[in-house]
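Visitor: There's a structure below that I have some questions on.
The values are calculated or read from the model by the stated rules, or taken from the named source; none is laboratory data. This one's a predicted model, so the numbers in the text were calculated from it and none came from an experiment. Glycine also receives a Cβ, built like all others from the backbone with ideal geometry; neighbour counts cover every protein chain displayed. What goes into the accessible areas is simple: the full protein's heavy atoms, side chains included, and nothing from ligands, DNA or RNA. Shrake-Rupley method; radii C 1.70, N 1.55, O 1.52, S 1.80 Å.
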Amino acid sequence: MNYFKKSLKKLPRDIVELYDRQKSIFKINWLDGRLHTKKLIDVNSYSFRITRSYRIIFYFYEDET
(Lines give C-alpha, C1' and ligand atoms only; values in the text may rest on other atoms or scores of the structure.)
Protein backbone atom coordinates (compact mmCIF):
# COMPACT_ATOMS: atom_id res chain seq x y z
CA MET A 1 0.00 0.00 0.00
CA ASN A 2 1.38 3.40 -0.86
CA TYR A 3 2.12 6.20 1.58
CA PHE A 4 -0.90 8.30 0.54
CA LYS A 5 -3.40 5.51 1.15
CA LYS A 6 -1.87 4.67 4.52
CA SER A 7 -2.01 8.32 5.55
CA LEU A 8 -5.60 8.67 4.35
CA LYS A 9 -6.70 5.74 6.54
CA LYS A 10 -5.34 7.54 9.61
CA LEU A 11 -7.50 10.63 9.07
CA PRO A 12 -10.87 11.18 10.78
CA ARG A 13 -13.82 9.72 8.89
CA ASP A 14 -15.40 13.13 8.18
CA ILE A 15 -12.17 14.35 6.54
CA VAL A 16 -12.01 11.23 4.36
CA GLU A 17 -15.62 11.85 3.27
CA LEU A 18 -14.77 15.45 2.39
CA TYR A 19 -11.71 14.22 0.50
CA ASP A 20 -13.89 11.84 -1.54
CA ARG A 21 -16.25 14.70 -2.42
CA GLN A 22 -13.39 17.00 -3.43
CA LYS A 23 -11.73 14.20 -5.42
CA SER A 24 -14.92 13.82 -7.45
CA ILE A 25 -14.88 17.53 -8.27
CA PHE A 26 -11.15 17.34 -9.08
CA LYS A 27 -11.69 14.53 -11.60
CA ILE A 28 -14.18 16.69 -13.51
CA ASN A 29 -12.27 19.99 -13.36
CA TRP A 30 -9.09 20.45 -11.33
CA LEU A 31 -9.53 24.24 -11.52
CA ASP A 32 -13.07 24.25 -10.05
CA GLY A 33 -13.36 27.17 -7.62
CA ARG A 34 -14.70 24.91 -4.85
CA LEU A 35 -11.26 23.25 -4.64
CA HIS A 36 -9.33 26.48 -4.01
CA THR A 37 -6.52 25.14 -6.22
CA LYS A 38 -3.18 26.90 -5.70
CA LYS A 39 0.04 26.70 -7.69
CA LEU A 40 2.97 25.95 -5.40
CA ILE A 41 6.52 27.24 -5.72
CA ASP A 42 7.68 24.05 -7.43
CA VAL A 43 7.14 24.35 -11.19
CA ASN A 44 4.49 21.64 -11.62
CA SER A 45 3.12 21.31 -8.08
CA TYR A 46 -0.36 22.37 -7.02
CA SER A 47 -2.65 21.84 -4.06
CA PHE A 48 -6.39 21.79 -3.48
CA ARG A 49 -8.30 22.22 -0.26
CA ILE A 50 -10.09 19.54 1.70
CA THR A 51 -10.63 21.88 4.66
CA ARG A 52 -8.68 24.91 5.85
CA SER A 53 -6.41 22.50 7.74
CA TYR A 54 -6.07 19.74 5.11
CA ARG A 55 -4.82 20.08 1.54
CA ILE A 56 -3.88 17.63 -1.20
CA ILE A 57 -0.63 18.26 -3.07
CA PHE A 58 -0.43 17.01 -6.65
CA TYR A 59 1.56 17.44 -9.85
CA PHE A 60 1.25 16.48 -13.47
CA TYR A 61 3.51 13.91 -15.11
CA GLU A 62 2.52 15.26 -18.51
CA ASP A 63 0.06 17.92 -19.66
CA GLU A 64 -2.91 17.51 -17.28
CA THR A 65 -2.15 13.84 -16.56
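Visitor: If N is the number of residues in the chain, what value comes out of its Cα radius of gyration divided by 2.2 N^0.38 Å?
Guide: On the way: Rg = 12.1 Å, N = 65, 2.2 N^0.38 = 10.7 Å.
Its radius of gyration relative to the 2.2 N^0.38 Å reference: 1.12.
Visitor: Quick one: accessible area per residue over the chain, 1.4 Å probe, rounded to a whole number of Å²? Don't jump to the answer; show the numbers that get you there.
Guide: On the way: 5490 Å² over 65 residues.
Dividing the accessible area of the chain by its residue count gives 84 Å².
Visitor: Over the chain, with every protein chain in place, what whole percent of the accessible area is carbon and sulfur at 1.4 Å, could you tell me?
Guide: Heavy-atom surface of the chain belonging to carbon and sulfur, 1.4 Å probe: 54 percent.
Visitor: Next up: Which value in nm describes the separation of the simple spin-label points at Ser24 and Ser7, placed 7 Å from the Cα toward the beta carbon?
Guide: Label at Ser24, label at Ser7, 2.4 nm between them.
Visitor: In addition: Across the chain, how many lysine pairs, 8 or more apart or on two chains, come within less than 22 Å at their alpha-carbon atoms?
Guide: 11
Visitor: Kindly provide the helix-only [θ] at 222 nm of the chain, computed as the sum of -39,500 (n - 2.57) over DSSP H runs of four or more divided by all residues, to the nearest 500 deg cm²/dmol?
Guide: -11000 deg cm²/dmol
Visitor: Let me check something: with ligands and nucleic acids excluded, how do Lys27, Lys5 order by accessible area (1.4 Å probe), largest to smallest?
Guide: Lys27, Lys5
Visitor: Angle, helix 13-28 long axis vs. longest principal axis of the chain, Cα atoms, 0 to 90°, nearest 10?
Guide: It is inclined by approximately 30 degrees.
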